[in-house]
Every structure is written in structure tokens, then in C-alpha cells.
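Asks: Got a structure for you, questions after.
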Amino acid sequence: MFLFLIKHGKLLLKNLKWEELQQKDLNRSTMVVETNTKYLNEVKEGEKVNVNLTYFDHDKKRLHLKMEMISQETNKLSASMEWISLYIDLSKRKVTEFEEEKVKLMRDFIEQNKSKFSNEGLLFTSKLKK
């Protein structure tokens, strides 16, 4: 499940047009540093699920996300994962601030989708430095 949600998290970054700003040109990337994963209901092999982003926020150096996996068959919450990622300058091996273009993309994404987000039950909101 963890890898499944990470894959969908990468799709989120692609949808944010993160790729267009090419981290590799800047030698930067994200690194997950803390997670909270809950397995709530069994999903059988081949069962169709929806993966929904239920929360997204950021500060100057961190991303905070939560995704949920819901069974299409039963409409039950099967699993959730909340995580904090740091933005890393790989040439220095240090945490760094997001470029203004990325901050704008994230702000726009949050503005367009905030009605779909819920902060209910989040564990890591205090980790962001706003």
C-alpha cells in the first residue's frame, strides 16, 4: 500500500506540473521523513480502489499530504497514509526552500482543491512552520 500511495503521490507532483520545473536541473528532490499509515479494511487482489488526495499543504521547505484508498466495491476506507516530505538540495545534502515557481504552483493547486480537503484526524499539522 505504501508504494501504491507513493506512486500516486508522484502523480500528484506531475499534475502540479512539478516535472516542468525539473528538479534534476536544480539537483533537488523530496524525501519522505515521517509517515502515518493505517490499514483499516482488507483489499483483495484485483479489487478496484480509488485513491484520493484528502489533504495537501506546505511551508517553505516541507510538504504535508494525506491520501486515502477507498474500495469501489464496498465504498469503505481501506487505508490511509499521511506524510511529511522535505525538499532537499542534493548537491549540498541539505534541506532547502522551494523555488517561488513551485510555491505558486502549490498555492494555486491548494486554492483550486481546498474544498475537497479535510484536516480531520491529521497528525502532522504542527510540523509545518507557517
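Asks: Just the residues that are among the acidic types (Asp, Glu) and either closer than 26 Å to residue 42 by Cβ or buried (at least 20 other Cβ atoms within 10 Å of the Cβ) (or both), please, taken from the range 59-116. Can you show your working first?
Replies: In the first step, residues of the range 59-116 are kept if they are among the acidic types (Asp, Glu); the result is 59, 68, 73, 82, 89, 97, 99-101, 108, 111.
Listed by number, the residues that qualify are 68, 73, 82.
Asks: Follow-up question, since we're still on this one. Condition first: in a loop (DSSP other than H, G, I, E, B) and out of contact with any strand residue (DSSP E or B) (no Cβ under 9 Å at 6 or more places or on another chain). Can you find one or more residues in the range 21-37 that meet it? Give the steps one after another, and end with the answer.
Replies: To start, the set of residues in the range 21-37 that are in a loop (DSSP other than H, G, I, E, B) comprises 22, 27.
Applying the additional criterion that residues be out of contact with any strand residue (DSSP E or B) (no Cβ under 9 Å at 6 or more places or on another chain) yields 22.
The answer is yes, given that some residue of the range 21-37 is in a loop (DSSP other than H, G, I, E, B) and out of contact with any strand residue (DSSP E or B) (no Cβ under 9 Å at 6 or more places or on another chain).
Asks: While we're here: Given the condition touching a strand residue (DSSP E or B) at 6+ places or on another chain (Cβ under 7 Å), closer than 18 Å to residue 124 by Cβ, of a type in the set (Lys, Arg) and touching a residue at least 40 places away in the same chain (Cβ under 8 Å), answer yes or no: does some residue in the range 48-60 qualify?
Replies: no
Asks: Within the range 69-85, how many residues turn out to be in a strand (DSSP E or B) and of a type outside the set (A, V, I, L, M)? Even if it seems obvious, please write down each step before you answer.
Replies: Residues of the range 69-85 that are in a strand (DSSP E or B), as a first pass: 69-71, 77-85.
Of the ones still in play, those that are also of a type outside the set (A, V, I, L, M) are 71, 78, 80, 82-83, 85.
Count: 6.
Asks: Right, next: Could you list all residues from the range 105-130 that are free of Cβ contacts under 8 Å to residues at least 12 places away in the same chain and within 22 Å of residue 52 (Cα to Cα)? Give the steps one after another, and end with the answer.
Replies: Residues of the range 105-130 that are free of Cβ contacts under 8 Å to residues at least 12 places away in the same chain, as a first pass: 107-108, 111-112, 114-115, 120-121, 126.
Matches in the range 105-130: 107, 108, 111, 112, 114, 115, 120, 121.
Asks: Looking only at residues in the range 40-58 that are assigned to a loop (DSSP other than H, G, I, E, B) and loosely packed, with under 15 Cβ neighbours inside 10 Å, which one is nearest to the chain's Cα centre (by Cα)? Talk me through it step by step, then tell me what you get.
Replies: Start the filter on the range 40-58 by keeping residues that are assigned to a loop (DSSP other than H, G, I, E, B), which leaves 40-48.
Then drop every residue that is not loosely packed, with under 15 Cβ neighbours inside 10 Å, which leaves 40-42, 44-48.
Numbers: 40: 20, 41: 22, 42: 23, 44: 25, 45: 24, 46: 25, 47: 23, 48: 21 Å.
My answer is 40.
Quick note: the coordinates plus some simple rules give every number you see, no bench work behind them. All values derive from a computational prediction rather than experimental measurement. Using ideal geometry, Cβ is built from the backbone for each residue, glycine included, and neighbour counts are taken over all protein chains shown.
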